[in-house]
Amino acid sequence: MKAALLAVIATRVLVAVASDVPSTASIFYADDGLQQTVAYPLLKSHEREEFQKEILRFLGLKRPPHPDKRLFPGPHNMLPDYMVDLYRDTQDEENDVTGPDMLLNRNLPRHFPAYNFERNNMISEVGFDLFDWSEADTVMSFPNHMENSEETSRYRYDVSDVQPGHRLIGAELRMFRNDSTLGHLIAGNEVRLSVFKVNNGAENDLISSVTVDSLTKGWIVLNATSILHYWTVHPDKNSGLEIVISDEKNHRWTASDFGVVDCFIVGYFCAVNEDTHARVKRSVSSTTTEVTYNDMDWSSVIGVDTKWTRSVCQRRTLYVSFRDLGWQDWIIAPDGYAAYYCFGECSFPLNTHMNATNHAIVQTLVHLMYPERVPKPFCAATKLSSISVLYFDDHSNVVLKKYNNMVVKSCGCH
């Protein structure tokens, strides 16, 4: 389904080139048939809007989010930083996704050596194994929405954007501890860091706890699976968490006194049914002309001679820039992605590099004998790969989502 959508998007990209209205916005970069990649702008406002809607549909969004960046003040934005590092780990197998600059949001720092999330350099509760995020197709991180007082350390998380049809694999409560004067005052001693579920009007429930050395710096990670699941099932009972830090003499300190600079939840989800993953009901405007991939007159669209249209089936360049779509306020990475598309002739003889199926070979032979009855095989993707997109949602949660079948890796005759 997404492969077909990708083909339709490619045709719409190139249909826009045929317009005579000038424009300066270069949203697409495609093969011009002369072994060069050139910019093809969407030349009319309604074309731009229609294409934005198409992209949002396969991202699973109805409209562009409007996050509140005030939730991430100061130079050390731990939540976005952590998610950017997580995103970078996904790029080993998705090396065709980005352009020259991976990060779309240039306001985020590019290197975070002091905040690296190395898993062997952290403290976690006894018996808790960190979740393998590679098993998830969606990772959501939830920032704190509550300002702490000098007496308490309370945190509130908005989890209303968790999508139906997604199974929670696991969740982590992540805190990063920096330098604090408190650590030197109680140097050499251990303290107990406890996390409670806030129950308005009743005693709070202990969720998890861990023993921490007073001088320890770095990540402190606790299991938050049960509380995140509880809040998604009972959103009306989400009153947040309270962190209590105490020593053996029951002296208590706030999280900020202890040097905690950020505290957020990371949830790992997997789509139960792939049909629900990034699927939004489509409604095509009556003014929109649907064009099929194989019916396009490519020579008139691209504006080159017919020699290129007679070239053999192969992968062509098609790059979509998120920045040029005006989405830099909510998409963190990538800057854009190389979708590619398949185009060319599937004519006799079909060489081995054309990746032709046995059926395509037989169909080509029959087409030579009965061209009016049997069409030629068509050029289509034989292998597709995924991309990951890192973005803010409407509640300023940072989401890392994997989308399958988005990038054409190879083409062949079918």
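The values are calculated or read from the model by the stated rules, or taken from the named source; none is laboratory data. Predicted model, so just to flag it, every value in this text is computed and none were measured. All Cβ positions, glycine included, derive from the backbone under ideal geometry; neighbour counts span all protein chains shown.
Filter segment 294-323 for residues that are touching a Ser or Thr at 6+ places or on another chain (Cβ under 6 Å) and either modelled with pLDDT of 80 or more or exposed (fewer than 13 other Cβ atoms within 10 Å of the Cβ) (or both) and give the result. Outline the logic, then answer.
Of segment 294-323, the ones touching a Ser or Thr at 6+ places or on another chain (Cβ under 6 Å) are 296, 298-299, 306, 309, 317.
Correct list: Thr306, Thr317.
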Practice task
Restrict the check to segment 175-188 and report whether at least one residue is surrounded by 16 or more Cβ atoms within 10 Å (Cβ to Cβ), basic (Lys, Arg), assigned to a strand (DSSP E or B) and modelled with pLDDT of 90 or more.
Solution key: no
Problem - Residue list for segment 219-244, filter: modelled with pLDDT under 90 and touching a helix residue (DSSP H, G or I) at 6+ places or on another chain (Cβ under 9 Å) - result: Trp219
Exercise for the section: Of all residues in segment 132-174, count the ones that are at pLDDT below 80 and among the basic types (Lys, Arg). Expected result: 0
Practice task
Please enumerate the residues belonging to segment 364-414 that are touching a His at 6+ places or on another chain (Cβ under 9 Å) and of a type in the set (S, T, N, Q).
Solution key: Thr382, Ser396, Asn404
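Applying the selection to segment 205-233, what residues are in a strand (DSSP E or B), without any contact (Cβ under 8 Å) to a residue 60 or more places away in the chain and closer than 21 Å to Asn189 by Cβ?
So the first thing to find is which residues in segment 205-233 are in a strand (DSSP E or B), and the list is 205-213, 218-223.
Subset that is without any contact (Cβ under 8 Å) to a residue 60 or more places away in the chain: 205-207, 211, 213.
Thr211, Asp213, listed by residue number.
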Exercise for the section: Might you let me know whether segment 272-284 holds any residue that is at pLDDT 75 or above and either aliphatic (A, V, I, L, M) or within 20 Å of Val198 (Cβ to Cβ) (or both)? Expected result: yes
Exercise for the section: Mind telling me which of the residues Thr352, Thr289 ends up being modelled with pLDDT of 55 or more, surrounded by fewer than 12 Cβ atoms within 10 Å (Cβ to Cβ) and out of contact with any helix residue (DSSP H, G or I) (no Cβ under 6 Å at 6 or more places or on another chain)? Expected result: Thr352
Handout entry: Qualifying positions in segment 324-346 - closer than 17 Å to Ala381 by Cα and either outside any strand (DSSP E or B) or modelled with pLDDT under 85 (or both)
Key = Ala339, Tyr340, Gly344, Glu345, Cys346
Exercise for the section: Specify the residue that is nearest to the chain's Cα centre (by Cα); the eligible residues are those in segment 391-414 that are within 19 Å of Tyr157 (Cβ to Cβ) and among the aliphatic types (A, V, I, L, M). Expected result: Leu400
Practice task
Return yes or no: is Phe322 aromatic (Phe, Trp, Tyr) and more than 30 Å from Arg156 (Cα to Cα)?
Solution key: yes
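Could you list, in sequence order, all residues of segment 189-217 that are over 15 Å from Glu248 (Cα atoms), in contact with a strand residue (DSSP E or B) (Cβ under 7 Å, 6 or more places away or on another chain) and modelled with pLDDT of 85 or more?
Answer for segment 189-217, where residues must be over 15 Å from Glu248 (Cα atoms), in contact with a strand residue (DSSP E or B) (Cβ under 7 Å, 6 or more places away or on another chain) and modelled with pLDDT of 85 or more: Val195, Phe196, Lys197, Val198, Asn199, Asn204, Asp205, Leu206, Ile207, Ser208.
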Exercise for the section: Working only within segment 393-410, note down all residues that are surrounded by fewer than 24 Cβ atoms within 10 Å (Cβ to Cβ) and either more than 16 Å from Cys270 (Cα to Cα) or acidic (Asp, Glu) (or both). Expected result: Asp393, Asp394, His395, Ser396, Asn405, Val407, Lys409, Ser410
